[in-house]
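Notes follow once the structure below has been shown.
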Amino acid sequence: MVGALVAGHALKRNSRHAESFDVRIIRTEDYPFMVAREGQPFERDGVIRSWRNDDLQSFTPLRFMPPELMGYAGRALVIDPDVFAVADVWDLLSRDMRGKAIDCRLRHGLKGRHGQYATSVMLLDCARLAHWKCEEQFGELFAFERDYMDWISLKLEPADSIGLLEAEWNDFDRLTAATKMLHNTRRLTQPWKTGLPIEFTPEDGFSPAPLYGWIVRLGKQVIGPNKLIGHYWRHPDRNQELLFFGLLRECLDQGIVTEDLLREEMSRDHVRHDAFALLERAAPLAA
């Protein structure tokens, strides 16, 4: 939640048209159909898993909720709560989508080369996405009628309905002068989690390279999940840590995040325990 509030603040603070768009946080606890599936099996990239609502990324099916929330009209930008605007998002919201239903970028590495899209940042033409029915399609996971990875990577969408975003609008752990939205996508090094015990489930399948998934699953059986890593690492780019805590300092100053909320999130191991010390040292960000 702290990440989501900081992300919402960044969208507004860095836009010349902040009054022209709304920011809404979509919360998993507001959708009982997700809670009802706790512990039920589903398929992810050909591997059977159990659904966990306390997994770090259990919110991902809600990436497909905005068109329904918008009444299948207008334009929506959906971002994960670890994506932070450093440029004017209005340039994205007002861009020519060239008749596409979705604009996003490919995932990096082998996944991108195998046609998997990054749904962590999507510009959506909601009227063209009337077939997105989040609750119904989430239920199809547990009837084994749809694979999670095919869904989340847009493999089930018509190829000609997807346009490509420039990488700078979803910059994967890269902060340069060209970056427009920074995505701290590598969960192991998210700057607000350093030193905390890991609570996410690592990927254990990749259908184009089945040997990779087999090795990962064998390792988890032999030594247990996350035993090789255990805790979050410090982000290798100090500037990305400074950006997050500079934005969080502004959120505290403006009452967007309260000290009570921050302390609660620290007690739940959602935010690193030295957060207040980092905030005291956080330099003001450029306007």
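Summary table
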{"quantity": "Which numbered condition Asp171 fails, given (1) in contact (Cβ under 8 Å) with a residue 24 or more places away in the chain; (2) under 17 Å from the mean Cα position of the chain (by Cα)", "calculated": "(1)"}
{"quantity": "Helices (runs of 4 or more DSSP H) enclosed by segment 47-155 - at least 3 residues per element that are within 30 Å of Leu285 (Cα to Cα) and hydrophobic (A, V, I, L, M, F, W, C)", "calculated": "90-93"}
{"quantity": "Count of segment 247-281 residues which are more than 23 Å from His231 (Cβ to Cβ), crowded, with 16+ Cβ neighbours inside 10 Å and free of Cβ contacts under 8 Å to residues at least 60 places away in the same chain", "calculated": "2"}
{"quantity": "Answer residue from segment 157-168, given it is part of a helix (DSSP H, G or I) and under 21 Å from Arg128 (Cα atoms) and is farthest from the chain's Cα centre (by Cα) among those", "calculated": "Asp160"}
{"quantity": "Count of residues meeting criterion [within 20 Å of the chain's Cα centre (by Cα), surrounded by fewer than 18 Cβ atoms within 10 Å (Cβ to Cβ) and either closer than 16 Å to Arg49 by Cβ or modelled with pLDDT of 95 or more (or both)] in segment 109-156", "calculated": "6"}
{"quantity": "Candidate set: segment 44-65, residues that are within 22 Å of Asp125 (Cβ to Cβ) and either among the hydrophobic types (A, V, I, L, M, F, W, C) or modelled with pLDDT under 90 (or both); chosen: the one surrounded by the fewest Cβ atoms within 10 Å (Cβ to Cβ)", "calculated": "Leu62"}
{"quantity": "Segment 9-43: number of residues that are crowded, with 20+ Cβ neighbours inside 10 Å and assigned to a helix (DSSP H, G or I)", "calculated": "3"}
{"quantity": "Out of Thr179, Thr185, sole residue that is within 19 Å of Ser58 (Cα to Cα), of a type in the set (Ser, Thr, Tyr) and either assigned to a loop (DSSP other than H, G, I, E, B) or at pLDDT below 95 (or both)", "calculated": "Thr185"}
{"quantity": "Cross-chain or 6+ apart pairs with Cβ under 8 Å, segment 121-134 first and more than 29 Å from Asn184 (Cα to Cα), then in a helix (DSSP H, G or I)", "calculated": "Arg128/Ser161; Ala130/Pro67"}
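The values are calculated or read from the model by the stated rules, or taken from the named source; none is laboratory data. Keep in mind that what you see is a predicted model, and the values were worked out from it rather than measured. Here the Cβ is made from the backbone with ideal geometry for all residues, glycine too, and neighbour counts use every protein chain on show.
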